[in-house]
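Asker: Pasting a structure below so you can have a look.
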Amino acid sequence: MLALLETILDIIRLRKGPDAIPHSTLLLGIVVAFWLFVDVLGGLIVPRFGGLSASGLAITLLGLVVFAMMATLDGKNARMVQMLTAMIGCSAVFGLILTLILAVALRYQQVPPMSLLALLSVWSVTLFSVIVDGHILSRTLERPRIHGVIAAFLVFAFQFYLSAAFNPAPAGAA
């Protein structure tokens, strides 16, 4: 398990691709369980922002389906399990980082610059996670990294739009 975590961290640092992860559906299941654990942990630590929701799960799965369709249309079905394992594993690590950022921000929310710093941190981690998804996609499709990053940003924009549509901001928030 430590080797898997090390590989996922290398993927996040853009040093390796999904091909460094063994092709194993069992490993994919373990990574999905870790992702669910991080999501539940986030819901416990930061109840306002974390936790599983039907719309959030559906939007996440839809994004993975779009990435899987891209790989299928490019004829890279043999790499699908590795790509999904890498994407979900990196997402779990980023989710853990975001949970820690939000927990610290809520703890020190009375400090004036903390809310801005937390917002910048959350957006930085989120945008970097999109770049990592693009890196994973580009390595899977054997395309230049910029192609994968553009595709990942388009998927992210689609997911962001759906999230805003399914979870509108309260009337008082502006």
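Asker: Place +1 on the Cβ of every Lys and Arg and -1 on the Cβ of every Asp and Glu in the chain, take the dipole about the Cα centre, and give the residue among GLY75, VAL122, ILE45 whose Cα lies farthest towards its positive end.
Answerer: Working it through, the farthest residue towards the positive pole turns out to be VAL122.
Asker: Going by average Cβ density within 10 Å per residue, which order do the peptides 41-47, 76-82 take, highest to lowest?
Answerer: Numbers: 41-47: 14.9, 76-82: 16.4.
The packing order, highest mean first, is 76-82, 41-47.
Asker: Taking the alpha carbon gyration tensor of segment 39-98, what are the square roots of 5 times its eigenvalues, largest first, to the nearest whole Å?
Answerer: Value: 27, 13, 6 Å, ordered largest first.
Asker: Across 5 Å bins from 0, what is the distribution of all Cα-Cα pair distances for segment 81-174, in whole percents?
Answerer: 3, 12, 16, 19, 20, 13, 9, 5, 2, 0
Asker: A further question follows. Based on DSSP H runs of at least 4 residues, each adding -39500 (n - 2.57), what is the mean residue ellipticity at 222 nm of the chain after dividing by all its residues, to the nearest 500 deg cm²/dmol?
Answerer: That comes out to -26500 deg cm²/dmol.
Asker: Another question about this same structure. Of all the C-alpha pairs in segment 15-174, what % are more than 28 Å from each other?
Answerer: The answer is 24 percent, as a whole percent.
Asker: Given the Cα-Cα distance of ARG15 and VAL122 and 0.36 nm per residue of separation, how much length would full extension add, in nm?
Answerer: Values: separation 107, 0.36 × 107 = 38.52 nm, distance 2.29 nm.
In short, 36.2 nm is gained.
Asker: Here's a follow-up. Compute the length gained on full extension between ARG48 and VAL104: take 0.36 nm times their separation in residues and subtract their Cα-Cα distance, giving the result in nm to one decimal.
Answerer: Working: separation 56, 0.36 × 56 = 20.16 nm, distance 1.36 nm.
Result for the pair: 18.8 nm of gain on full extension.
Asker: Taking the Cα-to-Cβ direction at THR25 and at TYR161 and moving 7 Å from each Cα, how far apart do the two end points lie in nm?
Answerer: It is 3.4 nm.
Asker: Principal axis lengths of segment 8-65 from Cα atoms, whole Å, largest first?
Answerer: That gives 36, 23, 19 Å along the principal axes, largest extent first.
Bear in mind these aren't lab numbers, they're just calculated from the coordinates by the rules spelled out. As the structure is a prediction and not an experimental result, all values here were calculated from the model. Using ideal geometry, Cβ is built from the backbone for each residue, glycine included, and neighbour counts are taken over all protein chains shown.
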